Amino acid sequence: MDISSTWFIPFSDATRNHKRLKRGLGTDQSIRSNSYSSLYDDGCNGRTNSLNSLLGLQYQDHIWGNAQRYLAVEAIAVDAAAMLGGGVDAVLKEGSDDGMKLVHQLITCAKVVAFRDKSHASALLSELRANALVFGTSFQRVASCFVQGLSDRLSLIQSLGAVGVGGCTVKTMDITPEKEEAFRLFFEICPQIQFGHLAANASILEAFEGESSVHVVDLGMNLGSPQGQQWRSLMHSLANRAGKPPSSLQITGVGTAAECLKDIIDELEVYAESLGMNFQFSMVESNLENLQPEDINLLEGEAVVVNSILQLHCVVKESRGALNSVLQKIRELSPKAVVLVEQDASHNGPFFLGRFMEALHYYSAIFDSLDAMLPKYDTRRAKMEQFYFAEEIKNIISCEGSARVERHQRLDQWRRRMSRAGFQSSPMKMITEAKQWLEKVKLCDGYTIVDEKGCLVLGWKSKPIIAASCWKCS
């Protein structure tokens, strides 16, 4: 079967064939069962019947495999049409045949990798590496990251016809100097994290209104210096709030990189002293799945808020158990509010091809925004793309099982998960303030902020990028 040729299957024909195939596939198990049992029939024509049955069985396996491939190709073709219909803005803006050819090559390669055809995929990857330039157009640059991910996945899968993908050896959560610098640049140049801090601090201040002793449990201290900036801003707002400032502020950081945070903690203590604020910082060295409520030093009468910036998606697994366990531990802290900031994307689907298409659409928008903000040869842009976003992309498309930690979900999915865990939405009443902030930072045209059912969503040209929400125990 020529996989690449199926890309141009007409939608109406594909739909009819899809229905016909689904009806036919339902009888496959009985056909196989009958074929296998016939191999053991006795009689004068036993050997001839057995040979014929074996050939028939092999033919049925061949038909079954191609039918499954056809259905997968059809699904991806429909997804791709929807994606391009919605617009990979970078490609359409470039408006070249080369750009559309690169989209086609990339998706075809993903299909071939999904079918575990290593020889065909290797040839396509070689061609893609020549066209997906790290310093090219915005889509060439994002394509270069996906080529890396496809190459990693191809090196882990077994040969054509085998089942399963090996465990990922890429440790994208390790904090390297390059990744730390890339994340710092991302925080300083792009609005996503700053938007998250703005929305989170507004909800924290609202929860702490009238409270004297306040305590923030920060689930994301692995993020380093950006979190230090969030807490400096919160301290300033608490010290200057209407009425009396709090008599004490305690921040508990949860993470596995305590040795990297000493300078940040020292700076926060000096800043708190300059404000005349009674401040205490505690560190719990633990990942979220091993965190226990008793690890948090709660004082009597404290108002507690839990702050999670780009963290909870890492404990989303194939089953709901891991995340639910973490959320139940959070509930045991009796927080006045839980602030959640997460990528608004669907990168946790169980099927590789679906994740690939979703990620391609999402990161095409991200790279398009970087193209609007920074020149082509700006080294800061290249560092963010190759050492931060590329690591996310590679984890999403090349890893499986526990190694896949970039399990981003859409806002509606988070609503359902939080509701099932016993939380109810607390509307963020700051859409005007958020829009004023976006105008003030003067990044570039294209960014938007909308209120979606009490949550705030930052987007790029109508594509949701990151969402902030606030929750209370119900």
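The values are calculated or read from the model by the stated rules, or taken from the named source; none is laboratory data. In this text the structure is predicted, and so the values were computed from the model without any measurement. Glycine gets a Cβ as well: all are built from the backbone with ideal geometry, and neighbour counts include every protein chain shown. Ligands, DNA and RNA are stripped out before the accessible areas are found, and what is left, the full protein with its side chains, is counted by its heavy atoms. Shrake-Rupley method; radii C 1.70, N 1.55, O 1.52, S 1.80 Å.
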Mind checking which pairs have a first residue in the range 299-312 that is over 18 Å from residue 198 (Cβ atoms) and a second that is open to solvent by 10 Å² or more (accessible area, probe 1.4 Å) and of a type in the set (Ser, Thr, Tyr), Cβ under 6 Å, 6 or more apart or different chains?
-> 301/213; 302/213
Any chance residue 219 is crowded, with 22+ Cβ neighbours inside 10 Å and touching a residue at least 60 places away in the same chain (Cβ under 8 Å) = yes
From the options 387, 367, 352, residue that is in contact with a helix residue (DSSP H, G or I) (Cβ under 7 Å, 6 or more places away or on another chain), over 21 Å from residue 182 (Cα atoms) and of a type outside the set (Lys, Arg) = 352
All but one of (1) assigned to a loop (DSSP other than H, G, I, E, B); (2) buried (at least 21 other Cβ atoms within 10 Å of the Cβ); (3) not hydrophobic (A, V, I, L, M, F, W, C) hold for residue 342; which doesn't?
-> (1)
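If I ask for residues that are part of a helix (DSSP H, G or I) and open to solvent by 60 Å² or more (accessible area, probe 1.4 Å), which ones from the range 256-265 would you list? Reasoning before the result, please.
Just the residues of the range 256-265 that are part of a helix (DSSP H, G or I), to begin with: 258-260, 262-265.
Scanning the range 256-265 gives 259, 260, 262, 263.
Give the residue, chosen from 372, 365, that is more than 16 Å from the chain's Cα centre (by Cα), of a type in the set (Gly, Ala, Ser) and either modelled with pLDDT under 95 or in a helix (DSSP H, G or I) (or both).
Numbers: 365 fails: more than 16 Å from the chain's Cα centre (by Cα).
None of the others qualify; the one that does is 372.
Just to check your reading of the model, which residue among 474, 398 is among the hydroxyl-bearing types (Ser, Thr, Tyr) and open to solvent by 10 Å² or more (accessible area, probe 1.4 Å)? Let's see the steps before the verdict.
Details: 398 fails: open to solvent by 10 Å² or more (accessible area, probe 1.4 Å).
Going through 474, 398 in turn, just one is among the hydroxyl-bearing types (Ser, Thr, Tyr) and open to solvent by 10 Å² or more (accessible area, probe 1.4 Å): 474.
Out of all the residues in the range 424-434, is one or more of a type in the set (S, T, N, Q) and open to solvent by 60 Å² or more (accessible area, probe 1.4 Å)? Write out each step before concluding.
Here is the first cut: in the range 424-434, the residues of a type in the set (S, T, N, Q) are 424-426, 432.
Next cut, open to solvent by 60 Å² or more (accessible area, probe 1.4 Å) only: 424, 432.
Within the range 424-434, one or more residues are of a type in the set (S, T, N, Q) and open to solvent by 60 Å² or more (accessible area, probe 1.4 Å).
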Residue within the range 269-285 that is open to solvent by 30 Å² or more (accessible area, probe 1.4 Å), part of a loop (DSSP other than H, G, I, E, B) and closer than 23 Å to residue 472 by Cβ present = no
Taking residue 377 as meeting all but one of (1) crowded, with 22+ Cβ neighbours inside 10 Å; (2) not in a helix (DSSP H, G or I), write down the number of the exception.
-> (1)
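Taking the stated definitions as given, is residue 390 open to solvent by less than 20 Å² (accessible area, probe 1.4 Å) and small (Gly, Ala, Ser)?
Values: open to solvent by less than 20 Å² (accessible area, probe 1.4 Å): yes; small (Gly, Ala, Ser): yes.
Criteria met by residue 390.
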Which of the residues belonging to the range 217-255 are farther than 17 Å from residue 296 by Cα and part of a loop (DSSP other than H, G, I, E, B)?
-> 224, 240, 241, 242, 243, 244, 245, 246, 247
